[in-house]
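Only one structure is covered here, and it is reproduced in the block below.
The values are calculated or read from the model by the stated rules, or taken from the named source; none is laboratory data. Since this is a predicted model, take the numbers as computed values, not measurements. Note that each Cβ is placed from the backbone with ideal geometry, even for glycine, and that neighbours are counted across all protein chains shown.
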Amino acid sequence: MAATMKNADNDTQVTFEDQQKINKFARHNARLQDLKDELDNRKKELQNLEDAENEIGEVFVSLKTEEANEYLEKAKELCQKDIEKNEEQCEIHKKILQDLKVELYAKFGTNINLEPEDDS
């Protein structure tokens, strides 16, 4: 999603600073989408680790059960830390995007579209 102007013939002029804000919005929005994808992947990985931990007695592993459980526990902790870090980064980007939306909609009103496009 990029910022798009609906009516170029409007009296509102797009200044260099406005264009910088629009570009910043697009960069942060792209990074937010990347973080969301990364977050989904890490959540799936965490679920797989939890499933593996629940099934540890029913699979062949070349480690002792205690070692396998310890390995899985460490992997889950790392995965959970990554998830928390990604969620914090998402919140930072969301805050920046919200602030930019307020500024850009205040100046351009309905002449700019900063909402996500539906993939329907």
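Of all residue pairs spaced 6 or more apart or on separate chains, none has beta-carbon atoms under 7 Å together with a first member in segment 53-69 that is at positive phi and a second member that is at pLDDT 60 or above and exposed (fewer than 14 other Cβ atoms within 10 Å of the Cβ). Of the residues making up segment 62-108, those that are in a helix (DSSP H, G or I), over 26 Å from the mean Cα position of the chain (by Cα) and hydroxyl-bearing (Ser, Thr, Tyr) number 2.
When the test is whether a residue is among the β-branched types (Val, Ile, Thr), touching a residue at least 40 places away in the same chain (Cβ under 8 Å) and surrounded by 13 or more Cβ atoms within 10 Å (Cβ to Cβ), Ile96 passes it.
Can you report the number of residues in segment 78-94 which are hydrophobic (A, V, I, L, M, F, W, C) and in contact with a Lys or Arg (Cβ under 9 Å, 6 or more places away or on another chain)? Number satisfying all stated conditions: 3.
Filter segment 33-61 for residues that are assigned to a helix (DSSP H, G or I) and at pLDDT below 85 and give the result. Selection gives Ala52, Glu53, Asn54, Ile56, Gly57, Glu58.
In the set Ala30, Ala2, only one residue is modelled with pLDDT under 85 and either hydrophobic (A, V, I, L, M, F, W, C) or more than 13 Å from the chain's Cα centre (by Cα) (or both); that residue is Ala2.
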